[in-house]
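Contents: one structure, followed by commentary.
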């Protein structure tokens, strides 16, 4: 790939131990083998962070990689992927963030940024094109995200076009599922990238750039960009996302009976109708908000006046947050959900894992396994709004029970002796789709390299529309196809919502007129397969195999008690056999030698 | 006198910055927000996006301030045109503009001011929300 079209051909490497930074060329062949974004992250993590590295040690790295379309007029190109070894799962991990920070990095003239080492004391980094400064963040440390963002912005002269990614107290205090926040309402949310950043004593990264992003064929990019923007606006999916954001899903998933409820014991939340997208639009939405270069605006600006007559203005909450902190904790009040979401946003931790931690202790409290003595005196019953808010604050501050829950589901449930109630795979909390109501999601959760993560392959949409959600047959193929498709989307680093209006053909065309290189669908799919196998190998080298591709007993043995998915469990073994077979992996879930040879990955297998 | 000028409604803006992208793509065939003649500023705290753009003032302080005769008025579109050869990048026009609009080209020694794309602004064409429009000013 030419270094001047689409990609910049280089990355910036900053070592916090030595304080040095340098530019590294990116081998042009890597774009063809790994596409960009998530794929390039897999390549660099495998090459530079051996499996035995301590996630919160100086040897771990934060590998931020843009995709080849980032910063161009092709809409929705704003996602940037961070790849790292996760303190939450102790495995391979990646997380994508939208907003404006990723494209700004591209405008500094770099496709990616690798943060290495550990600063002696708190610092933040400023990047102005190729000028890097590492400055003291001693006076900023301890501040909540909004205040910290203000302090960093003031320190760089107040320029509002500077894009800042940062951590809050949760990242500083190494909450295992702390986020990196970019803007106030976009996060590298899952897997604890914020804790890795905190472990490096790195508070924030402020970026401003003025480098051009060139494309191979400007006239065609202009033309196609305009067409895709129109297509997205006119698509059914685009319109629904514009109107209700991700909250459009509440109605569909709850009515189908797989919206996780009260710590995953049920799949239908009887008060869910209060939280449907149309209710949100009528009751609390006052505006819409977009990421860079996206015409949809699925972000929802919300406003309420609280019971105490306070004005409360924010962006969100999103569907996952409303499920994890809402139905999953038995809560249906907008005021509570907005406040709960804001606590997570301001301390900087993942709403999904936080929700699963709180619901776990709520179930334990209701069943008498935990008492007021264990919960710092908080009545942790399902539906107790104040209990949710208090517990979230405690997680952010790492106080009392919050300090235990900050360690994540595995460790917290061990300490509290409630392992059976911890709903995770590989230590990562499940998000809101109960796999008993869409069996493909069971494969997504069980085989994800970063633990239970829905965006690895959101099969439930296809399963709902084809009426096959309870079937086992054919799910291996479905899972593989969705995983491949998402590996391409995440590596081009396009927002997944763009799938509503950008066809695969148009994506290929966009890639070719931006980069000047024709990538056909076969080579894209091969790259996707290579990426998924490389992620798998990282974990296999850690000693993981089929034994860790698990789901909690609840999903395997307890049937859903009510709703449209009533009576179902997950038949995991049959699903895994099918999927491994389709992937060309052995029955232990390890890629075969032939497969690795075919994908030119043999050298990465220990 | 009536004339055409850009108009912006902050409440309609979703902050996608496609206007910036189109502006630069149209003028320079590349993307680079620092070369855009319209700039969108997000205020997360107040949940608003605002625009910095040329208001094509009747009584244009920028033209008055320029000591190098680098700025002139396009009689047809009413846009303020920059002569790249005459502009020395002294930034007097930036100081005098009541809307903070002119911006230095990031790598050349001349100023960027909205030229209204000969009457059909690219930002207006692309804005998915009609937050930026062109209409009668006075």
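Values quoted throughout were computed directly from the atomic coordinates according to the rules given, and no laboratory measurement underlies them. Predicted, not measured: the structure shown is a model, and the values here were computed from it. Glycine also receives a Cβ, built like all others from the backbone with ideal geometry; neighbour counts cover every protein chain displayed.
A few points about this structure:
- Using only Cα coordinates, the Kirkwood hydrodynamic radius of segment A:10-208 works out to 16.3 Å.
- Using alpha-carbon coordinates, inclination of helix B:18-28 to the longest axis of chain B, degrees: 30 degrees
- Both radii are taken from the alpha-carbon atoms of segment A:239-429; with Rh as the Kirkwood radius, Rg/Rh is 0.97.
- In this entry, segment A:255-354 is assigned a mean projected area of 7.1 nm², taken as a quarter of its C-alpha convex hull surface.
- Between the C-alpha center of segment A:566-606 and that of segment A:489-510 there is a gap of 26 Å.
- Kirkwood hydrodynamic radius (C-alpha pairs) into Stokes-Einstein, segment A:526-594, 25 °C and 0.890 mPa s, D in µm²/s: 179 µm²/s
- Rounded if a/c under 1.5, otherwise prolate or oblate - segment A:498-555, Cα gyration tensor axes: oblate
- Computed helical MRE - 222 nm, chain A, DSSP H runs ≥ 4 contributing -39500 (n - 2.57), nearest 500: -11500 deg cm²/dmol
- Computed [θ] at 222 nm, deg cm²/dmol, chain B (DSSP H ≥ 4; -39,500 (n - 2.57); rounded to nearest 500): -4500 deg cm²/dmol
- Sorted on the mean count of surrounding Cβ atoms within 10 Å across their residues, most packed first, peptides B:77-88, A:437-448, B:111-122, A:347-358 read A:347-358, A:437-448, B:111-122, B:77-88.
- All Cα-Cα separations within segment A:460-525 were binned at 10 Å from zero, giving a P(r) of 18, 46, 27, 9, 1, each value a whole percent of the pairs.
- Cα gyration tensor shape for segment B:3-137, rounded if a/c is under 1.5, else prolate or oblate: prolate
- C-alpha center-to-center spacing [segment A:214-289, segment A:389-407] in angstrom: 31 Å
- For B:42-49, mean number of other protein chain Cβ atoms within 10 Å: 6
- Peptide A:208-214, shielding by other chains (average Cβ, 10 Å cutoff): 6
- With only Cα atoms counted, segment A:463-588 has Rg and Dmax values of 17.6, 55 Å.
- Shape of chain A, Cα gyration tensor, a/c cut at 1.5: rounded
- Taking every DSSP beta bridge that has both ends in the protein assembly as shown, the antiparallel portion is near 85%.
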